[in-house]
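Data block below; observations after.
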Amino acid sequence: MKIEIVVGNIVKQPDMEAVVNSANANLRLGSGVAGAIHMAAGPKLEEYCKPFAPLALGAGLITPGFKLPNPWIIHVRSAHYINNDEPEKYMQMALESVLRLANDNDIRSLALPAIGTGMFKFPPILAARITCQVLHRADELAPFLQTVRICLTDAAMLELFESANAEVQMTTIG
């Protein structure tokens, strides 16, 4: 599987089959990634999600993309780094949920934000390491998946994720 790490807008990835939403428990319009995805997808997304709330920590849900250029949205809920116990465990579970949902729905490409690093206060370097560790195990969880594009907000985040990805590659090779 190919991992692309870019500075880019998660809702402007028309060549990806799915985008990943760093969702809140209520699966509603929020700030950050959840707000951007809900705004771009339109009001039908929030209505569609209502019966599935609250979304458990580490869990995922797949919905149509509605007005997004992507057919699918995979919503996952990571832990709040300060307010939840075992936030690293739930971050890993959330990312594994993304991969399982992608696999179960024959999704070959997806765009992923820096899950948990906004409102959920996850330290970016820790989020980057966990994300890259899980993605390097993608072949066992999502053999159909061919491309994951990590969409980040700025060059500093890009550098963190590239560094974490290189670290994980070195430990999986050696």
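All of the numbers you see were taken from the coordinates with simple rules; none came from a lab. These figures come from a predicted structure and were not determined experimentally. Cβ placement follows ideal geometry from the backbone for every residue including glycine, while neighbour counts extend to all protein chains displayed.
A few comments on the model shown:
- Of (1) 106; (2) 197; (3) 97, the label for volume of the Cα convex hull per residue in Å³ derived from the coordinates: (3)
- Using a Gaussian network model of the chain in which every pair of alpha carbons under 10 angstrom is joined by a spring, one finds that among A56, A114, A155 the greatest mean-square fluctuation is at A155.
- In a simple Cβ point-charge model (Lys, Arg +1; Asp, Glu -1; nothing else charged), region 2-173 has a dipole of about 440 debye relative to its Cα centre.
- Number of Lys pairs (Cα under 27 Å; 8 or more positions apart or on different chains) in the chain: 12
- Dipole of the chain, positive direction: furthest Cα of Q169, N84, V11, with charges on the beta-carbon: V11
- Inter-site label distance for E4 and E159 at 7 Å from Cα along Cβ, in nm: 2.4 nm
- Each Lys or Arg adds one and each Asp or Glu subtracts one; over the other residues with Cβ under 11 Å from the Cβ of N26, this totals +2.
- Looking at region 1-102, none of the chymotrypsin sites (Phe, Trp or Tyr not before Pro) sits in a DSSP loop with at most 15 other Cβ atoms within 10 Å of its own Cβ.
- Net charge, E88 excluded, C-beta distance under 14 Å - Lys, Arg +1, Asp, Glu -1: 0
- Environment charge of L141, counting only residues whose C-beta is closer than 9 Å and scoring Lys/Arg +1, Asp/Glu -1: -1
- Between I125 and S31, the contour length at 0.36 nm per residue exceeds the Cα-Cα span by 31.7 nm.
- Gap separating the Cα centres of region 139-171 and region 1-25, nearest whole Å: 12 Å
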